[in-house]
Amino acid sequence: MGIETEYGILGGDGVRQNPMALSALVVAAYAQASGRRSRTRWSYEGEDPLSDARGWRLDGAAAHPSQLTDDPDRPAPSGDDADPGHLDGPLLRRHRPQDLERDDPAAANMLLTNGARLYVDHAHPEYSSPEVASALDGVRWDRAGEEVMLSAVRTLAANPHTPEVHLYKNNVDGKGASYGTHENFLVRRDVPFDELVRYLTPFLVTRTILVGAGRVGLGQAGEEPGFQLSQRADYIEAHVGLETTLRRPIVNTRDEPHADPQRFRRLHVIIGDANCSETATYLKLGMTSLVLGVLEAAVLGGSADPAADGDTPGVLAVPDAWAGLALADPVDAVHRVSRDLTLEEGLELADGGTATAWEIQRAYLDGVRQVLTDRLDEDEARVVATWDRLLGLLRSDRPAAAREVEWLAKLQVLEALRARHHLAWDHAKVAAVDLQWSDVRPERGLYARLRAAGAVATLATEQEVSDAVVHPPVDTRAYFRGEAVRRYPDAVAAAGWNGLVLDVPSEPTLVRVPMTDPTRGTRALLGPLLDASPDAGALLARLTGATPEAIPPSAAPASA
Amino acid sequence: MTQQHHTPARGDGEEPDAPVPAAVQANTQAVDDLLDEIDDVLEQNAESFVRGFVQKGGQ
């Protein structure tokens, strides 16, 4: 799993550059700060943002331009036959680009040694975290993204020839614009998409009470004064859909697994807020993974999959209670949950009757325990315990919950400010606190100041965060990506989520190393090989004794 | 910078005798401290800062 965050961006006093140019400067500044002037390009090979999980594919000509995030010049992926050993498939040959200048995209783009991607998306700098295998690692590498952004801000501020730029980890400008924080989860392909939609919807709609970041203003442009739990709720306008930039859905159907599509899908969750709270990030990833884990277990429980039986008695199934949680109007419920500060409003259920967001979250937690209790690892058990504890505190002790529930922490500050200075919800100072809550500069960011004062809970140490800025997680394919870039910076010609392209002098062409399984490419699998390879040529030689396959016709470069 | 210390205004319906855990006390103190220095931390002109915070839509 992982989180990608588009940061809000603002030029300092007198800065006139447009946000796209400023965002590109952020990426360039980080490249300078990290001492990496690598020529590695992003590889779009294998990306397909218009493929829909419901089984069809949007025609590129019919798509809104903002949906076209891949490179149309690139060929479709070749069908790799996975072979055992270190590789996810055969090495593939690719022509060396004839004209590097022409091929070099203006869009700033950086592959980080921690396995993340830093680039410009829709006029915002975006940090896409490396793939992580646990919610706790999700927190570490998400926080690392904040440090990356801070480093860029400091670098620009220190240089008299570059404009000052401020960055915010939020999702709204209060004028009607929203930008996203997307979670991605690897899900077994054999979980029917209908089931995902059915069981995820009530969960995603109601998890806001635990993981909302809080927002001043009601309505997309903050037309009405007030406070709500979620940054993102007012921009959710559909139940299920492919779009991410307009008519945003509760369940996004983009079917672009960045992995072997026969085995995996990547669930792209766009309803979530950008969180400064580490507990919120932890729960957002952890709870959602566990709900998906139940749906996966239910698929396995009904089949003869040899990996599934083991010692677990009985057949695993989706908890009966979850079937009754379907909401009568999910989109309306998103808005209601976000605006109900009491957490006591009943939401209409499809089968009649009502349930509060709190009750629905409780039912999901109970279901996770019921199905997965014997199978939880340490990190997952801690997620369950945190989920349980915070649901309890939301009912019994809100001031205590504010240490870990971000919207409550923000509300606490805002209510105190309002009381002290007798301010209405539409006062500029109140809105300024909301915006500056997430400023990445620790002396300016209000959440960062609460953290420094020990007023909010943390899950990652400063050392863990600074390590995560430089190093990849060791237990996903991000390890291989990050380490290859760190060890052989000049040899990695391009890299994407599901493959690396190496340029080695001893080879007549570029060589593409596929990484179609996100759970491989780990330190356990490839660490010794990397350690034994002083350069990328040696790595290639060790990866396979065989010569890479000949260039397939489809991999020829687009005609100039 | 003002030195008055109001308690956050969420007292309605709270049990006055309920013991306040240490973590929560620290929390309240931190919020008060933050408000004491808020004018130094917030951008100088809150109104123009909020008005100027205009973003392009994203994903």
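The values are calculated or read from the model by the stated rules, or taken from the named source; none is laboratory data. As the structure is a computational prediction, the values presented were derived from the model and not from experiment. Ideal geometry is used to build each Cβ from the backbone, glycine not excepted, and the neighbour counts take in all protein chains shown. Protein only, heavy atoms only, side chains kept; ligands, DNA and RNA dropped before computing areas. Shrake-Rupley method; radii C 1.70, N 1.55, O 1.52, S 1.80 Å.
Just a few scattered comments:
- Applied to the stretch A:452-460, the Karplus parametrisation 6.51 cos²θ - 1.76 cosθ + 1.60 on θ = phi - 60° returns per-residue 3J(HN,Hα) values of 4, 7, x, 8, 10, 6, 10, 10, 10 Hz, with x for Gly and Pro.
- Relative packing of A:222-235, A:348-361, which averages over residues the other C-beta atoms within 10 Å, highest first: A:222-235, A:348-361
- Peptide A:174-185 has a mean of 3 when you count, residue by residue, the C-beta atoms of other protein chains within 10 Å of its C-beta.
- For B:39-51, mean number of other protein chain Cβ atoms within 10 Å: 6
- Distances between placed amide hydrogens fall under 5 Å for A:ASN171 paired with A:ALA274, all partners being 5 or more residues away or on another chain.
- Computed with a 1.4 Å probe over protein heavy atoms only, the accessible area of A:SER396 comes to about 90 Å².
- Heavy-atom accessible surface of chain A, averaged per residue, reaches 38 Å², computed with a 1.4 Å probe.
- In order along the stretch A:264-274, the Karplus-derived 3J(HN,Hα) couplings, from 6.51 cos²θ - 1.76 cosθ + 1.60 at θ = phi - 60°, round to 10, 10, 10, 6, 9, 9, 10, 7, x, 8, 6 Hz, and Gly and Pro are given as x.
- The heavy atoms of A:VAL187 present about 0 square angstrom of accessible area, all protein chains included, probe 1.4 Å.
- Pairing chains A and B buries close to 3900 square angstrom of accessible surface in total, based on protein heavy atoms and a 1.4 angstrom probe.
- Counting, for every residue in A:244-253, the Cβ atoms of other protein chains within 10 Å of its Cβ and taking the mean gives 1.
- Shape call, the stretch A:113-224: gyration tensor on alpha carbons, a/c limit 1.5: oblate
- Between the helical axis of A:278-301 and the longest alpha-carbon principal axis of chain A there is an angle of about 70 degrees.
- Computed over chain A, relative contact order equals 22 percent, with contacts defined as Cα pairs under 8 Å that lie 6+ residues apart.
- Minimum 40 Å² accessible area buried by the other protein chains, the stretch A:1-15 residues, probe 1.4 Å, relative to alone: A:LEU10
- Shape category assigned to chain A from the gyration tensor of Cα positions, a/c cut at 1.5: oblate
- Sequentially through the stretch A:461-477, phi angles give Karplus couplings (6.51, -1.76, 1.60; θ = phi - 60°) of 7, 4, 5, 4, 5, 5, 5, 5, 5, 9, 10, x, x, 8, 10, 9, 5 Hz, Gly and Pro residues having no value and appearing as x.
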